[in-house]
Amino acid sequence: RWLKHSPIRAAALLITLITILFTALTLAIGPAVVNVTSLDEEDWSRLTALSSLLGLGFALGAGVAVLLEFSDATDSRNLGLYQDIYEKFMSDEAVQARRHIYALADLPAGEGQQAAIEAVLADLQARRAIKYTLNQIDYFGFMVERDWVTTDEIVGWLSPVVVKIWAKIGPLVEYECTQRPEEPDYYSAARNLADECRRWRDKHTPGWERIA
């Protein structure tokens, strides 16, 4: 990544390595190569060692070039995934679903919560909005779990919305989990992503719960 984001330093590093190798080679055997027959066994050993070192330098340069090319391909893939996430996340249907969820009353803790949850789930429009949004978060969480996107960057970008949404629907999901003991992985990627987003905000935005 250092080389990828610093192409001038990468080029300077390669040029410096090659220059040092050529300089060392010239200083070491320059006087002797004028007359090859004058090279003794020690000179030939030095020439062989320096030739190997020069080959290593070129190999390192080629390796850096391959790494940069691979980094470009990875960036292109990530950009495509980010664009896909953005389009899904910012579609009219997704925005409307989130607005509907934001408008829901906060679920009470403890006694009365189950009745409130059942009332929300009885609302067809609310259930559709929750299902749509939950499927999206689960999809994003699945990509994060598979390392198909740069985790810290995508979690940081999604965290404000995911945390705000999860404050509304998290108890609903946990309630559904208790009703489905045969499905321990029920929306597990979404639940894991919500936890990741909370941890990210705890680390990077201390006191965010008081601000929200």
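Points worth noting:
- Some residue of segment 119-133 being surrounded by 12 or more Cβ atoms within 10 Å (Cβ to Cβ), modelled with pLDDT of 90 or more, among the basic types (Lys, Arg) and within 28 Å of GLY207 (Cα to Cα): no
- Taking the listed residues TYR86, TYR132, the one that is part of a helix (DSSP H, G or I), hydroxyl-bearing (Ser, Thr, Tyr) and under 17 Å from GLU176 (Cα atoms) is TYR132, with no other qualifying.
- Check on ARG146, open to solvent by 80 Å² or more (accessible area, probe 1.4 Å) and basic (Lys, Arg): yes
- Number of positions in segment 149-177 that are open to solvent by 80 Å² or more (accessible area, probe 1.4 Å) and over 20 Å from LEU104 (Cβ atoms): 3
- Qualifying position, being farther than 15 Å from TYR82 by Cα and among the β-branched types (Val, Ile, Thr), among VAL144, VAL162, VAL149, VAL155: VAL162
- Taken together, the residues in segment 109-118 that are open to solvent by 80 Å² or more (accessible area, probe 1.4 Å) and assigned to a helix (DSSP H, G or I) amount to 2.
- Check on ALA105, of a type in the set (Gly, Ala, Ser), farther than 20 Å from THR178 by Cα and either in contact with a Pro (Cβ under 7 Å, 6 or more places away or on another chain) or at pLDDT below 90 (or both): yes
- Test: residue in segment 92-102 that is of a type in the set (Phe, Trp, Tyr), closer than 28 Å to PRO206 by Cβ and exposed (fewer than 14 other Cβ atoms within 10 Å of the Cβ): yes
- Subset of segment 152-198 [aromatic (Phe, Trp, Tyr) and either in contact (Cβ under 8 Å) with a residue 40 or more places away in the chain or in a helix (DSSP H, G or I) (or both)]: TRP157, TRP166, TYR175, TYR187
The values are calculated or read from the model by the stated rules, or taken from the named source; none is laboratory data. The structure displayed is predicted, hence computed values, not measured ones. Counting neighbours? That spans all protein chains shown, and the Cβs are built from the backbone with ideal geometry, glycine included. Each accessible area value is taken on the protein alone, full model and side chains, heavy atoms only, with ligands, DNA and RNA left out. Shrake-Rupley method; radii C 1.70, N 1.55, O 1.52, S 1.80 Å.
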